[in-house]
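Down below is the structure, laid out as structure tokens.
The values are calculated or read from the model by the stated rules, or taken from the named source; none is laboratory data. All values reported here derive from a predicted model rather than from experimental measurement. Positions of Cβ are generated from backbone atoms using ideal geometry, with glycine treated the same way; all protein chains shown enter the neighbour counts.
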Ligand code: DGY
């Protein structure tokens, strides 16, 4: 599929995927994240598909070995014990077939399954047939347990994947983490604490895990008792897109997709409930208090990825792109809560750029899409395959040799993936 010859960065990216391969699944990076993470794995599959289609499908298959009987696919699968990570399997006490966490993550898997299938439909048909009912059950779980006015909600900041985004500040402030007890963080022994969430955040993350565990991850009980419930553009736009891609796959293998089509209409209406007219952007909504987060984040710009175009979003995008060298920052650099190196409060993430870039391109914003791809290519080529980057200087931040950054290089940012 790659007509142009490989660049040294392609070689490096493939070496990172191979190096992080633990046999059927890929860790995001060794040390900091030593297990299988849900959306990281789906990105890894997309990256593997550029040079090893069988390995791409096996990544997805392993992810679904952890699916719970209620359809949920956990955000972490603890295949093998590793003392270097906290909170591990004993803290979560997930109730599925593989040791796991008790929450999910943005369901990008169906969308990458579609891309991998399209690269080689014949080779992918059996895999899609096996995956389709599992993806369907997972999406149904979101539709059953996670909707508010049709928008998809998260029940823990880790569920959106954007752990310490300012989007959750008000919902986090509503939690009094009494009784959380002593615990030892491991992340700050791998990475500079200035690039990680604070203790204030961690106390609440762990308190929410303890709540879920106490309720045995019973979704009905959590719906009643969990103070943290935020309708979020990451989940909503990604799920909407995933449902469309699942319907495409269903049609390709002759499945009835009527129910998925109905769910798409629900999510389309739900996405519009995330439009915050006072900041002229898609935003997060605290379901418990009804408050807007007031955040223009990189997830706000996933509207195009969900096939939704809005002239105001292009204006926001141009404004933000003009004030940092390496867009798209995870939070508005013009805001006083912006923090250039602290995880999801400012840094640029290649994977979100890839999703925004695909969406921009599909919605006809060809120039913006090409510019974003070039800026991301330049960022990675100069600063390496880091977990995230300072949007002003490009400095690498978080973990290094990162699977999903290598994956989006191979599948989207590399010059060998086409022109521009
Ligand atoms: C972490 O440990 O930082 C992860 O983001 C949780 O999923």
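Quick check, is residue 56 crowded, with 24+ Cβ neighbours inside 10 Å and outside any strand (DSSP E or B)? Here the answer is yes, as residue 56 does meet what is asked. Filtered by the rule that a residue be away from the ligand (no atom under 16 Å from the Cβ) and within 30 Å of residue 243 (Cα to Cα), segment 167-190 gives 169, 170, 171.
Rundown of residues vs (1) more than 18 Å from residue 235 (Cβ to Cβ); (2) without any contact (Cβ under 8 Å) to a residue 60 or more places away in the chain, yes/no style:
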residue: 55; (1), (2): yes, yes
residue: 81; (1), (2): yes, yes
residue: 84; (1), (2): yes, no
residue: 90; (1), (2): yes, yes
residue: 106; (1), (2): no, no
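Among the conditions (1) out of contact with any helix residue (DSSP H, G or I) (no Cβ under 6 Å at 6 or more places or on another chain); (2) part of a helix (DSSP H, G or I); (3) closer than 28 Å to residue 111 by Cα, the only one that residue 254 does not satisfy is (2). Among the residues of segment 76-96, those that are outside any loop (DSSP other than H, G, I, E, B) and within 14 Å of the ligand (Cβ to nearest atom) comprise 76, 77, 89, 91, 92.
A single entry from 233, 197, 193 fulfils the requirement of being within 15 Å of the ligand (Cβ to nearest atom), touching a helix residue (DSSP H, G or I) at 6+ places or on another chain (Cβ under 9 Å) and within 27 Å of residue 305 (Cβ to Cβ): 197.
Tallying residues that are farther than 30 Å from residue 210 by Cα and buried (at least 20 other Cβ atoms within 10 Å of the Cβ) within segment 111-135 yields 9.
Scanning segment 171-186 for residues that are touching a residue at least 40 places away in the same chain (Cβ under 8 Å) and surrounded by 12 or more Cβ atoms within 10 Å (Cβ to Cβ) yields 171, 172, 174, 175, 183, 185, 186.
On inspection, residue 39 qualifies as part of a helix (DSSP H, G or I) and more than 21 Å from residue 377 (Cβ to Cβ). Among the residues that make up segment 11-19, is at least one of them in contact with a helix residue (DSSP H, G or I) (Cβ under 6 Å, 6 or more places away or on another chain), farther than 15 Å from residue 354 by Cβ, modelled with pLDDT of 95 or more and not in a helix (DSSP H, G or I)? No - not one qualifying residue is present in segment 11-19.
Within segment 52-67, is even one residue in contact with a helix residue (DSSP H, G or I) (Cβ under 8 Å, 6 or more places away or on another chain), within 30 Å of residue 231 (Cβ to Cβ) and within 16 Å of the ligand (Cβ to nearest atom)? Yes, some residue in segment 52-67 is in contact with a helix residue (DSSP H, G or I) (Cβ under 8 Å, 6 or more places away or on another chain), within 30 Å of residue 231 (Cβ to Cβ) and within 16 Å of the ligand (Cβ to nearest atom).
Report yes if residue 403 is modelled with pLDDT of 95 or more, farther than 26 Å from residue 308 by Cα and buried (at least 20 other Cβ atoms within 10 Å of the Cβ), otherwise no.
On the way: modelled with pLDDT of 95 or more: yes; farther than 26 Å from residue 308 by Cα: yes; buried (at least 20 other Cβ atoms within 10 Å of the Cβ): yes.
It is true that residue 403 is modelled with pLDDT of 95 or more, farther than 26 Å from residue 308 by Cα and buried (at least 20 other Cβ atoms within 10 Å of the Cβ).
All of 277, 197 fail the test of being more than 23 Å from the chain's Cα centre (by Cα) and within 30 Å of residue 332 (Cα to Cα), apart from 277.
Listed here are the helices (runs of 4 or more DSSP H) enclosed by segment 277-384 that have at least 3 residues being touching a residue at least 40 places away in the same chain (Cβ under 8 Å), surrounded by 22 or more Cβ atoms within 10 Å (Cβ to Cβ) and touching a helix residue (DSSP H, G or I) at 6+ places or on another chain (Cβ under 9 Å): 350-362, 366-383.
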